[in-house]
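Asker: My questions all concern the structure below.
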Amino acid sequence: MGLRYRVKHLVSRLGYELVEARRQMPPPAAPVPLDMPANLIALDSAEGLQRLREADAIADYVPLSMHFVTQDTPTFCGPASMSMVLNALGIARPGTSHSDQHGLFDQNNIFTRQTHSITPRSEIRRSGTPLSTLGRFFETHGVDAKTVYASTVTADVFRDTARRVLQTPAEYLVVNYNRAEVGQLSGGHISPVAAYHSDSDMFLILDVSRYKYPPFWITAEDLFRAMNVKTGAGITHGYVIVGRKLN
């Protein structure tokens, strides 16, 4: 009994000392976004806000910004972008517990039996969403999705196409590009595009990894170059144009 009592007393004392030690530790430093490369312009800067005010292709900005989300995991840039675009399109939405069954797409319910037959959620969580998979996932939700690889078009064709999409209500542009090519941290990434500023020839990307970078402006030339980079599969990145079905 004496030994058992001493052991219990020692464990209790150690536990108390551990709690006290934790209380006295300084709080962890709050994470901060990464520095924005000089060739990109943060939306929340004076220059970034001025471009937004002057943007001449901006039909998609408000619908997307109303549904702007942060990706749930480092590999969920695709699902996050999908949820934003599907909500912005205003198509029939699935009821969810946190939306009181009124309906909202999120990074969970965009995965269905149909998407599983294309690529299981576990694979997306492990490796991310390839461009070809992104377009096919969109189509399972009853919308039109045109997938374009950067290697099949020119920078001018991309610019003209993107500008038209951003001037068209209920039509959206999602880009898949290589971050390192424009000076950002990490590799392949996916996010929606929300506006175009013709005087500077810059597009506004609503970056879904908001813990890394805020929304930012990037030149058409830099964005196209970042898309026209080959992936590990030997094909380039590119973009998907998403809209409601016409029939």
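Asker: What does the charge dipole of the stretch 113-247 about its Cα centre add up to, to the nearest 20 debye, if the Cβ of each Lys and Arg holds +1 and the Cβ of each Asp and Glu holds -1?
Answerer: Taking the Cα centre of the stretch 113-247 as origin, the dipole is about 640 debye.
Asker: Could you work out the local net charge near Val85, counting Lys and Arg as +1, Asp and Glu as -1, over the other residues with Cβ closer than 15 Å to its Cβ?
Answerer: -1
Asker: Which residues' amide hydrogens lie under 5 Å from the amide hydrogen of Gly103, considering only partners 5 or more residues apart or on another chain, with H built in the peptide plane?
Answerer: The answer is Thr96.
Asker: Cβ under 11 Å from Gly183's Cβ, Gly183 left aside: what net charge do those residues give with Lys, Arg +1 and Asp, Glu -1? Working shown, then result.
Answerer: Details: positive: Arg179; negative: Asp35, Glu181, Asp222.
In short, -2.
Asker: At a 1.4 Å probe, what is the % contribution of carbon and sulfur to the accessible area of the stretch 140-199?
Answerer: Answer for the stretch 140-199: carbon and sulfur cover 48 percent of the accessible area.
Asker: What does the net charge come to around Gln71 if you take all other residues with beta carbon closer than 13 Å to its beta carbon, with K and R at +1 and D and E at -1?
Answerer: After counting each charged neighbour, the total is 0.
The values are calculated or read from the model by the stated rules, or taken from the named source; none is laboratory data. A quick note: this is a predicted structure, and the numbers were derived from the prediction, not measured. Reconstructed Cβ throughout: ideal geometry from the backbone, glycine too, with neighbour counts over all protein chains shown. Just the protein is used for accessible areas: all its heavy atoms, side chains included, with ligands, DNA and RNA removed. Shrake-Rupley method; radii C 1.70, N 1.55, O 1.52, S 1.80 Å.
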